[in-house]
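Below: the structure, in structure tokens.
The values are calculated or read from the model by the stated rules, or taken from the named source; none is laboratory data. Since we're looking at a predicted model, the values are computed, not measured. All Cβ positions, glycine included, derive from the backbone under ideal geometry; neighbour counts span all protein chains shown.
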Amino acid sequence: MPGRNAIVCVDDDDMILVALKQELVEHFKGNYLIETAISAREALSIMDELSEEGLRIPLVISDWLMPGMNGDEFLIKVNEKYPNTRAIVVTGYADMITVSKTRNKINLRGVVTKPWDKNELLKKVETSLKY
Amino acid sequence: MSAKNSPIQKLSLAGRLSVMVFLLGLLVYIPSSIYGAYDSLIQTKNELTEYKDTFEMRARSAFEPAVWNYDIETLRKIINAELGNENLKSVKVSTDDSTLIWITKINKKLYDETTEPKGIYLDKRIFPIHRIDEPSQIIGYVTVWFDNEPSRNKFVRMLVADALVVGGILLVISVAVNISSYIKLVKPIESVRKSMVEAGKSALMHAREKIEKASFDKAFPEIKSMAADLEFMLDEVEKANRKVRESEAQFKAIFELAGVGVAQVDAVNNSYIIINQRYCDIIGYTQEEIKGLSFETITCKDDVPVQLKHTEDLVEGKVRGFSFEKRYIHKDGRIVWADLTASPLWGPGEKPTSYIAVIQDITARKTAEEKLRKLNEELELKVLERTQDLENANCELEAAIEDLKTAQDRLIISEKMAVLGQLVAGIAHELNTPLGIINSAGGTMERILKNEINTVIGFRDQASEEVFETYLKLLRSCCNEEKDNAYKRNKRKMYYNILEKSNTEISDEVIEKLVDIGYDADEEEFAELVRNPEISEAVKMAYSVITLQKSAQMIKISAEKASKVITALKLYAHKDTSGEMVAHDVIKDIELVLTLYYNQIKYGVEIFRNYEEVPPVICYPDKLHQVWVNIINNALQAMDYKGRLIIRVSKNQDKVLVSITDNGPGIPEHIRHRIFEPFFTTKKLGEGTGLGLDIVKRILEEINGSIEFESKPGETTFKVWLRT
């Protein structure tokens, strides 16, 4: 297991997480470990745990508007702690991110609007992982 | 007057005084001098008579011997001696037939004369010389011419000297009187007179100078006091003059600048004496032109007799003034209406002189009155018309009120829709999420069904007994509840540990799927499971089937979620057409609104529901939503979608009380009284209509409810009472 790559998905809606995971597991088969978190706080603790175990986390897929810690705050923390980890945001309000002042403080590689198009999502994920 | 020509009148006061003193002296002197003269006249006369008598006696005795003896020389001696007396002019001694001697004194020299001396004052006497021894025998005659002239002259001289002395004295006194009266009387009086003349000429300054320059030291005290009085009087006059000037200026200003026309009119011939500018302006003539006119010429023909009658009454004293509205003919020919008031300047019983006429231009008023009268007539007609119109309008108005009610209802609906518009973005998201899930799950199901359904169907026949058993076991284990992430991670760790120990190769995909479907195996069981390499197929199969199942479940749940939102929307946007109030569950209503707002609430707002069991309220349900929408929306905006919202529903006697409390910054003191005003808003353009709370109030009034609020920083509560 050590040396494997993991993708962490964060959303306050558990069904979104299930759907997302289904898409990613189906796509990557076993190449990436897919972890899900119902809040940013949980996501951070999972990321800590995974990296302790020696896993690399090249990508997080996060919701933007969440109770408690918001997407921007979460991604800033991720960027501080895991500068190599890239981010894709899945949100219902895409325009909120383009105007966000935090844009340059996060390692953002793509924005996917809800409801997402499966192909668009997977393409952006692939791109983020490759380059 | 004749006195003017009298010489006395021409004399100055001093001259007259002198003359008077002189005449007075004479008056005193003349009787005494007459008396003195008479006295000395008598005395002189007596002396003369005595001399004449003694001369006769002396002569009778002295001449007798000489005559008797013809002794001429002795006679001459005696006569010469006698002629030494000045009262004797000539002596003739004669006998019956001849003249013995005749000596006459001419200019004090004695001459032997034969003619009678001449002179008016001569007194001729003849007396006989008797014989001493024979007194009856006359021996001669003595003729004597006494001369009265020296005595008379002496008397006259005395009189003249006396008169001269008295006259001189009187003259000196007169002169003294003259001088003194000039200094003490005439000069001061002249000064006073001159200053009075100056005063008379209104040259008060000169008058004062004159009276001040003149020295009154030598004047009589009366004149001094008169001068002082005059000075005082001049002061008073000056003061009075100043006042007069002031009041004159005032009067003049008032007279000239008066807003009314003022004129002094001769009461007898009706001509203008003085007239002010305003008067002239009103009737269009200059002051000079008017003075040549009488009022008849500038008065409208119809008004002349009226004014004449008034003037007549005034002159006859029947009235003490009159006032009437008349028409003047302006110089340019137009009619000028004026209000004329006349007041006489003579007192009752006095002879009529002139009166003051005051006129005011009332043309504008008259014109206006005329217009008004016409308008009034028109108005009456119009009133009739308008009454009809009004009745019609009333009908229209009633219809308009009906329309307005409809409009108000429409306004409420508009506001409702406006709120809905603001909610749409959130609601869209709220729908997009379940739709996204449905979409994703549907896609997953589609893929599994398309690619793997044959494998799944054929799996029973192709798989070994053992693998199929595992497959069924896996499916059964997953029917349990979804495992949480931490559990799954632990399982995954455990599985990898076992694989490491047992040195078994199995793909990450299989492990991942095993973990994901929530397979709950202990170490022994897992080790047993992975011993058979064919197990991977069973895991993949089970995963596909469970994914199908999960997806179907997700679709169901998401569809329900979306349906709930749609229902809320439908309820909110519903338009009640029955127009009747119904019993309604208020808690359900609030929850409906919270559903609509869920998307905006869920990220930052904690909602505390404190619901008691309450009876249904009587209301229009489709309007009542708006009450909660507005209050909750305001609360959320006030706390910027972060904080605590407490919703309490309780029974309060026969009413239901809903109170909604937020922990936002509170409503500022200075706008509290305005928040229910229509179009009052603190929100940015486009964020609010400003109608929200106004509509809330109207809706509540309609259903006999009420609203009030309390606000302080950190706690704002809106309380709504509803009828059950």
Of (1) part of a strand (DSSP E or B); (2) among the small types (Gly, Ala, Ser); (3) at the interface with chain B (Cβ under 7 Å from one of its Cβ atoms), A:Ala6 satisfies every one except (3)
Kindly list the number of the only condition in (1) touching a residue at least 40 places away in the same chain (Cβ under 8 Å); (2) touching a helix residue (DSSP H, G or I) at 6+ places or on another chain (Cβ under 7 Å); (3) buried (at least 22 other Cβ atoms within 10 Å of the Cβ) that fails for A:Val90. (2)
Would you say B:Ile412 is more than 14 Å from chain A (Cβ to nearest Cβ) and either part of a helix (DSSP H, G or I) or within 20 Å of B:Ile566 (Cα to Cα) (or both)? yes
Out of curiosity, is B:Val565 surrounded by 16 or more Cβ atoms within 10 Å (Cβ to Cβ), at pLDDT 80 or above, closer than 30 Å to B:Glu591 by Cα and away from chain A (no Cβ under 11 Å)? yes
Residues that are in contact (Cβ under 8 Å) with a residue 40 or more places away in the chain and touching a Ser or Thr at 6+ places or on another chain (Cβ under 9 Å): find the strands (runs of 3 or more DSSP E) completely inside the stretch B:80-168 holding 1 or more of those. B:88-94, B:99-106, B:122-130, B:138-147
Out of B:Ile169, B:Ile189, sole residue that is surrounded by fewer than 16 Cβ atoms within 10 Å (Cβ to Cβ) and either among the hydrophobic types (A, V, I, L, M, F, W, C) or within 60 Å of the chain's Cα centre (by Cα) (or both): B:Ile169
By residue number, the members of the stretch B:522-542 that are within 22 Å of A:Val18 (Cβ to Cβ) and either free of Cβ contacts under 8 Å to residues at least 60 places away in the same chain or not assigned by TED's automatic domain parsing to the domain that holds B:Glu446 (or both) are B:Lys540
Can you tell me which condition B:Leu404 does not meet? The list is (1) over 25 Å from B:Gly259 (Cα atoms); (2) at pLDDT 85 or above; (3) not assigned by TED's automatic domain parsing to the domain that holds B:Gln287, and all the others hold. (2)
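Listed here are the residues, each with its yes/no results for (1) touching a residue at least 24 places away in the same chain (Cβ under 8 Å); (2) buried (at least 18 other Cβ atoms within 10 Å of the Cβ); (3) at the interface with chain B (Cβ under 8 Å from one of its Cβ atoms); (4) of a type outside the set (D, E, K, R).
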{"residue": "A:Asp13", "(1), (2), (3), (4)": "yes, yes, yes, no"}
{"residue": "A:Val25", "(1), (2), (3), (4)": "no, yes, yes, yes"}
{"residue": "A:Gly30", "(1), (2), (3), (4)": "no, no, yes, yes"}
{"residue": "A:Ala37", "(1), (2), (3), (4)": "yes, yes, yes, yes"}
{"residue": "A:Ala40", "(1), (2), (3), (4)": "yes, yes, no, yes"}
{"residue": "A:Ala43", "(1), (2), (3), (4)": "yes, yes, no, yes"}
{"residue": "A:Glu53", "(1), (2), (3), (4)": "yes, no, yes, no"}
{"residue": "A:Leu59", "(1), (2), (3), (4)": "yes, yes, no, yes"}
{"residue": "A:Lys81", "(1), (2), (3), (4)": "yes, no, no, no"}
How many residues, within the stretch B:175-201, are of a type in the set (Gly, Ala, Ser) and either in contact with an Asp or Glu (Cβ under 7 Å, 6 or more places away or on another chain) or over 18 Å from B:Phe232 (Cβ atoms) (or both)? 3
Candidate set from the stretch B:418-454 (those that are away from chain A (no Cβ under 14 Å) and surrounded by fewer than 14 Cβ atoms within 10 Å (Cβ to Cβ)); member that is farthest from B:Ile632 (Cα to Cα): B:Asn454
